[in-house]
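Here the structure comes first, spelled out in structure tokens, and everything after it is commentary.
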Amino acid sequence: MKISKKMMTSVLCSTLLVAGPVSFINPTNSYAAESVVENNTEFSVENSRSTANTHNFSLVNVDTSIDVDIKYTDNTVTVNTITNGTEVHTFTYNELDGFALLDGKIMNLEINEPDFVIDSEETLSPIFSTFSTPSDAPVFVSPGSISFSEQVDGVGKIVTAIAGVIVLAKLIGVSLPKKVIETKVSDALTLIGLGTAITLNTMSGSFTYGLYRTKDKFNTGYPGSINQYQYKFRYQDMAVNSSILGKSMNIKFDEVGSWWFQSKPQ
């Protein structure tokens, strides 16, 4: 099955979770009250190393050490994890064939990319004045999301799915700094409070984000081009809403993307 530019839907069981950020939004009070899962201890990030196309780090607490190895190119991503030196999981995605795999099985996920829908009159009549500075106030354009549902039985598989979805989002254009990836995955594990092994359960939810444009059009620097004046775009409002073991996890990303032009002037 091939995945289109606007939507990817796979048929078999599996998928991913995206990690959360610096601030958490309304984590349910049941986290403090329930003791369904043991080993609710904080994870820390150790041994962080990265190059242009790789990212390696370890997530560690008193009982667990998870080594994470991420490799990516313009079209592919691979995430390998090893938990306590023995438990191995792998996430792979190839944009050319459109399949996301977790431990060799096609993942059950759906990608909906934002639509660049802009009022046609504004598009034909650029909002630009040579006597004033154009406004880069953000204006909402459309939403984007990655929905998922995956059976998991331990933190190693959860980490593999989390890291995989974050880098998959990067291929779509929603990228996060490498240090943010580390801290968000660590924060998510700490918030969920999972031990090394859990009873097989379904983790489901969605990674959402918004496409924004500037209020006014800007000069692209290509005089005489038919599209010399364009809106700038960026992604923001990134968040993860998911659930596992009857617990809800709602995590907001504070990071905001950089402005960019949609097309090259002609």
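Report yes if some residue within the stretch 100-108 is at pLDDT below 90, within 23 Å of Glu182 (Cβ to Cβ) and surrounded by 15 or more Cβ atoms within 10 Å (Cβ to Cβ); otherwise report no.
Within the stretch 100-108, one or more residues are at pLDDT below 90, within 23 Å of Glu182 (Cβ to Cβ) and surrounded by 15 or more Cβ atoms within 10 Å (Cβ to Cβ).
Scan the stretch 140-168 and report the pairs whose first residue is over 17 Å from Val88 (Cβ atoms) and whose second residue is part of a strand (DSSP E or B) and charged (D, E, K, R), with Cβ atoms within less than 9 Å and a gap of 6+ or a chain change.
What qualifies is Phe140/Arg213; Phe140/Asp237; Val141/Arg213; Pro143/Asp237; Ser145/Glu110; Ile146/Glu110; Ser147/Glu110; Phe148/Glu110.
Per-residue answers, yes or no, for (1) more than 25 Å from Ser206 (Cβ to Cβ); (2) crowded, with 17+ Cβ neighbours inside 10 Å; (3) touching a strand residue (DSSP E or B) at 6+ places or on another chain (Cβ under 6 Å):
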| position | (1), (2), (3) |
| --- | --- |
| Ser44 | yes, no, yes |
| Ile66 | no, yes, yes |
| Asn75 | no, no, no |
| Thr83 | yes, yes, yes |
| Phe91 | no, yes, yes |
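Residues that are under 25 Å from Thr73 (Cα atoms), surrounded by 18 or more Cβ atoms within 10 Å (Cβ to Cβ), among the aliphatic types (A, V, I, L, M) and out of contact with any Lys or Arg (no Cβ under 7 Å at 6 or more places or on another chain): does the stretch 184-192 have at least one?
Checking the stretch 184-192: at least one residue is under 25 Å from Thr73 (Cα atoms), surrounded by 18 or more Cβ atoms within 10 Å (Cβ to Cβ), among the aliphatic types (A, V, I, L, M) and out of contact with any Lys or Arg (no Cβ under 7 Å at 6 or more places or on another chain).
Going through Ser206, Ser142 one at a time, which residue ends up being in contact with a Ser or Thr (Cβ under 6 Å, 6 or more places away or on another chain), over 20 Å from Thr81 (Cα atoms) and in a strand (DSSP E or B)?
So the residue among Ser206, Ser142 that is in contact with a Ser or Thr (Cβ under 6 Å, 6 or more places away or on another chain), over 20 Å from Thr81 (Cα atoms) and in a strand (DSSP E or B) is Ser206.
Results for (1) modelled with pLDDT of 90 or more; (2) at positive phi; (3) aliphatic (A, V, I, L, M); (4) touching an Asp or Glu at 6+ places or on another chain (Cβ under 6 Å), shown as yes or no for each residue.
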{"residue": "Glu38", "(1), (2), (3), (4)": "no, no, no, no"}
{"residue": "Asn84", "(1), (2), (3), (4)": "yes, yes, no, no"}
{"residue": "Gly98", "(1), (2), (3), (4)": "no, yes, no, no"}
{"residue": "Asp119", "(1), (2), (3), (4)": "no, no, no, no"}
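The values are calculated or read from the model by the stated rules, or taken from the named source; none is laboratory data. Quantities reported herein were computed from a predicted structural model and do not represent experimental measurements. Positions of Cβ are backbone-derived with ideal geometry, glycine not excepted, and every protein chain shown enters the neighbour counts.
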